[in-house]
Amino acid sequence: MFSGLHIQYGELKSLDLLKQDSGFNAYKAVFSHQTLCLLLALTDDNLMEGFRLVPYDPAQYPDEKKKSK
């Protein structure tokens, strides 16, 4: 799966935490060819329970602009 991501989106340049919620964390995943939002859910034992990449929408995370200034 990860090699497929590399082929499709390129090298992972950065991974920045956008939001922590009770069931998941959201990260801004900047690849060479595209920026995506990585949603990652872990169990209490820190095992991956959910993994999803969705289009990154900067309007959904307005606090990120404040952090980058």
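Overview of values
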quantity: FRET efficiency, 1/(1 + (r/R0)^6) with R0 30 Å, evaluated for Leu47 and His6 via beta carbons; calculated: 0.85
quantity: Ranked by how many other beta carbons lie within 10 Å on average, peptides 26-38, 43-55, 10-22 from highest; calculated: 26-38, 10-22, 43-55
quantity: Alpha carbon Rg of the chain, scaled by the compact-globule rule 2.2 N^0.38 Å; calculated: 1.15
quantity: Rounded accessible area per residue of the chain, 1.4 Å, Å²; calculated: 76 Å²
quantity: Contact order normalised by residue count of the chain, Cα under 8 Å, 6+ apart, percent; calculated: 21 percent
quantity: Carbon/sulfur fraction of accessible area - the chain, other protein chains in place, 1.4 Å, %; calculated: 51 percent
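The values are calculated or read from the model by the stated rules, or taken from the named source; none is laboratory data. This structure is a prediction, so every number in the text was calculated from the model and none was measured. Cβ: placed from backbone, ideal geometry, glycine included. Neighbour counts: every protein chain shown. Protein only, heavy atoms only, side chains kept; ligands, DNA and RNA dropped before computing areas. Shrake-Rupley method; radii C 1.70, N 1.55, O 1.52, S 1.80 Å.
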